[in-house]
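**Q** First, the structure itself, so that you have it in front of you.
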Ligand SMILES: [Mg+2]
């Protein structure tokens with residue numbers, strides 16, 4: 001997959017310390033399954049890509065901070081973040097993401113130039129416009145594509161996040177090392 005991906009500018013990539021992922025349309029294909037249990041309790045399911053998840057684990061394995069920031073509130077997102085051990089999982093029901101990320105940067109003592117974001121639609125723009133590395137999925141809307149530094153060839157929910165993780169690590173010269181470290185940790 002990494003051989004198909006567009007390269008990310010190495011200078012932008014090397015500055016990154018925190019990588020933010022949107023959820024709907026980025027870690028998913030933007031679809032949600034909404035239903036109710038027999039007792040009337042609302043339930044919502046989302047489909048996540050397992051190879052994307054490995055990409056997020058690789059970023060964390062490399063020492064990068066990873067955050068999931070969603071403009072909708074969904075238990076499915078909480079469960080997926082927990083499975084991936086992404087501690088910074090934040091959701092706002094009205095897509096007010098900027099305040100969430102400003103607080104995150106304050107807490108982590110990070111600059112906007114040290115942040116990368118993978119985005120797909122206008123709820124991401126308030127944050128995306130400020131970050132140092134702006135990335136869009138293949139199915140991103142035009143307002144996101146117009147300002148992005150990099151765009152995946154794969155769509156959200158179908159490998160876009162993994163493509164971004166691989167390209168980011170490759171641009172930092174860390175991809176092969178991280179793969180070996182990931183394998184080593186699972187060879188004991
Ligand atoms: Mg989205």
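Here, each number is a calculation from the coordinates, and none is a lab measurement. Keep in mind that what you see is a predicted model, and the values were worked out from it rather than measured. We place every Cβ from the backbone using ideal geometry, glycine too, and count neighbours over all the protein chains shown.
**Q** Restricting the count to DSSP beta bridges whose residues both fall in the range 10-185, what percent are antiparallel, rounded to a multiple of 5?
**A** Working: 4 of 22 bridges.
DSSP beta bridges in the range 10-185 are roughly 20 percent antiparallel.
**Q** Using Cα atoms only, what is the angle between the long axis of helix 160-171 and the major principal axis of the chain, expressed in degrees (0 to 90) to the nearest 10?
**A** It works out to around 20 degrees.
**Q** Helix-only estimate, please: 222 nm mean residue ellipticity of the chain, summing -39500 (n - 2.57) across DSSP H runs of length 4 or more and dividing by its residues, to the nearest 500. Kindly include the intermediate steps, with their values, before the conclusion.
**A** Values: 8 runs with 71 residues, N = 188.
Result for the chain: -10500 deg cm²/dmol, rounded to the nearest 500.
**Q** Next up: Mind checking the full-extension length gain between residue 176 and residue 78? Use 0.36 nm per residue of separation minus the Cα-Cα distance, one decimal, nm. Could you put the intermediate results ahead of the total?
**A** Numbers: separation 98, 0.36 × 98 = 35.28 nm, distance 3.01 nm.
Separation in residues times 0.36 nm, less the Cα-Cα distance, equals 32.3 nm.
**Q** Return one number: the angle in degrees, 0 to 90 and rounded to the nearest 10, between the long axis of the Cα atoms of helix 175-185 and the longest principal axis of the Cα atoms of the chain.
**A** 70
**Q** Could you give the alpha-carbon Rg of the range 10-185 over 2.2 N^0.38 Å, rounded to two decimals? Write down the numbers at each step before the final one.
**A** Details: Rg = 15.6 Å, N = 176, 2.2 N^0.38 = 15.7 Å.
Here the answer is 0.99, to two decimals.
**Q** Please give the peptides 46-52, 168-174 ranked by average Cβ packing (other Cβ atoms within 10 Å per residue), highest first, as a rough proxy for protection. Please list the in-between numbers first.
**A** On the way: 46-52: 17.3, 168-174: 20.1.
Going from most to least packed, we get 168-174, 46-52.
**Q** Taking the 0 to 90 degree range and rounding to the nearest ten, how far is the long axis of helix 50-61 tilted relative to the main principal axis of the chain, both from C-alpha atoms?
**A** 50
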